[in-house]
1. How many nm is it between the label spots at Leu465 and Asp435, if each spot is 7 Å from the Cα in line with the beta carbon?
2. If the limit is 29 Å between Cα atoms, which of Lys165/Lys195; Lys103/Lys490; Lys405/Lys479 go over it?
3. Quick one: grab Rg to one decimal and Dmax as a whole number for segment 343-502, Cα atoms only, in Å.
4. Just how far, in whole angstrom, is segment 416-458 from segment 194-261 if you go by their alpha carbon centroids?
5. Which angle between 0 and 90 degrees, to the nearest 10, do you get for helix 175-193 versus the longest principal axis of the chain when only C-alpha atoms count?
6. Taking a ≥ b ≥ c as the square roots of the Cα gyration tensor eigenvalues, with a/c under 1.5 meaning rounded and otherwise prolate when a/b beats b/c, else oblate, which class fits segment 189-345?
7. Tell me, in nm to one decimal, what length is gained between Gln147 and Ser451 on full extension, where the rule is 0.36 nm per residue of separation less the Cα-Cα distance?
8. Hey, what did segment 208-328 get for relative contact order, percent, Cα under 8 Å, at least 6 apart?
Amino acid sequence: MRYPFSTLLFSILTSISISVMYGQEKTEKKKPNILFIFSDDQRSDALGASGNTYIKTPNIDQLAKEGTRFENTYVMGGHHGAICAPSRAMLLSGKSLFHVYDKLNGVTTMPMYFKKFGYESFGTGKWHNELASFEASFDKGKNILTQGMANHYKTPARDLDDSDKLTDPEIRSFSTDLFADSAIEYLNEYAKEGKENPFFCYVAFSAPHDPRSPREDYIGMYEDQNLPLPGNFKVLHPFAFDNMNIRDETLAPWPRTPEIIRASIADYYGLISHMDDRIGDIINTLKEQGLYDNTIIVFASDNGLGLGSHGLLGKQNLYEHSTKVPLIMSGPGISKGQSQDALLYLHDIFPTLADLIEVPLPEDIDGLNFAPLLRGGSIETRNSLYTAYRHTVRAVRTKEWKLIKYPERDYMQLFNLKEDPLELNNLAEDPNYKDKVEKLEVVMQEWHENSDDPETMHPEKISPLEYDYTKLKQHPDNKQPEYTLDKYFKDVHLSKAKKTDH
């Protein structure tokens with residue numbers, strides 16, 4: 001049967017139109033890439049986007065403008081002093097502290113799960129949760145730091161070889177540059193190969209974790225005298241609650257002085273600004289390669305830090321400065337220039353990303369999906385959060401109130417976070433707040449039971465609150481370069497040098 005030319009032409013054009021439309025639909029339905037940027041020991045207030053006018057973080061701030069920033073995101077805590085290990089395990093597994101601790105071998109991780117749905121996974125930077133779990137999680141990996149910290153100038157790094165095994169560590173260059181360059185190299189290769197599968201690119205910086213030794217050209221970027229002390233600065237913590245000489249607390253002598261705290265903050269900010277510059281380079285690579293518009297970018301950190309707040313330097317406590325972390329998400333489908341105050345954990349990110357990329361939500365996890373908030377909607381989130389440090393401290397917070405309990409000291413702190421965000425005015429012993437303490441103790445007990453916390457809240461032995469700070473000594477570890485030894489361990493360093501000379 002023969003058809004008129006006009007009919008044939010219409011049929012051909014229709015077929016072409018359908019093919020084009022189908023091709024566009026296919027392109028539009030390509031799942032978004034994921035770039036996950038994780039910093040180390042970065043306080044939630046150590047960002048311009050959080051209102052800090054002293055630090056320069058223009059690239060991370062721009063992410064906040066182009067996406068959504070969360071004001072109340074927390075790490076649940078840790079069962080030992082290296083909080084980063086359980087923090088990363090929770091983030092990557094979607095499980096809470098007492099369901100994963102710091103072990104990931106045999107656990108389904110975020111990159112492992114997304115690989116089931118066609119994602120190619122690449123990892124670089126700090127991995128503090130067993131070598132085999134990295135090998136099982138990533139298709140590709142370069143310059144991986146498989147320990148808690150290192151001299152930033154001499155980073156011991158491994159690569160994932162062709163047999164999916166991590167090589168032996170080699171001492172390489174400055175950590176921040178090493179990890180940023182690895183991510184950029186991966187993104188360029190991905191674009192060059194024109195891959196259809198989306199990527200999950202995990203970049204875990206070891207900055208601004210100590211040693212407080214920025215790259216040479218960032219030293220002095222911030223002048224000590226121009227930086228304010230934390231609003232809750234103290235020369236000593238007012239009472240003992242655990243090992244007061246744990247490793248992080250030996251990074252400066254006791255009592256703390258305004259001079260050394262300002263110097264520490266200046267170097268800490270220098271490390272962050274260097275990292276921010278390199279994050280800008282990674283994002284520019286996405287744009288240059290035409291990948292930016294279809295990439296979800298997550299920026300977060302594993303835990304906060306004391307830096308002189310409450311007389312503390314480290315993260316081994318449950319004050320806001322140590323448990324609250326920055327969280328910014330941007331990309332396709334995510335509302336721009338938005339700020340949210342929902343109470344979140346780091347381990348909520350896993351199911352949320354699953355929702356955003358439209359794959360089934362992972363099962364057997366504890367994280368909650370907050371994707372509707374990213375789309376500009378509203379959902380009912382938690383009314384409270386529970387945090388824990390070892391067997392010595394527990395805390396619960398609501399939108400307005402926070403109760404910290406030290407079971408082995410029979411001591412509590414109650415703070416009205418709305419009126420006292422720096423946690424300076426303890427209301428626990430004020431009879432006017434007796435009912436508030438009792439109500440929050442009930443909430444804490446419910447969390448204790450429901451989270452499978454194995455530690456007792458009623459120990460038989462009660463230890464004293466008093467301690468002798470003169471017995472607390474600085475002990476520099478072998479990761480500290482000459483810059484930090486000379487600046488922060490001067491007396492200890494000179495003393496050791498004299499002993500060596502003899």
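1. 2.5
2. Values: Lys165/Lys195 24 Å; Lys103/Lys490 37 Å; Lys405/Lys479 34 Å.
Too far apart for the 29 Å limit: Lys103/Lys490; Lys405/Lys479.
3. In order Rg, Dmax, the Cα atoms of segment 343-502 give 22.3, 69 Å.
4. After rounding, the separation between the Cα centres reads 28 Å.
5. So the inclination is approximately 10 degrees.
6. Values: a/c = 2.56, a/b = 1.89, b/c = 1.35.
It comes out prolate by the Cα gyration axes.
7. Values: separation 304, 0.36 × 304 = 109.44 nm, distance 2.82 nm.
Residue separation times 0.36 nm, minus the Cα-Cα distance, leaves 106.6 nm.
8. Values: 147 pairs, mean separation 42.2, N = 121.
Relative contact order of segment 208-328: 35 percent.
Read-outs: derived from the displayed coordinates by stated rules, not from any lab. Since this is a predicted model, take the numbers as computed values, not measurements. Note that we place each Cβ from the backbone using ideal geometry, even for glycine, and neighbour counts take in every protein chain shown.
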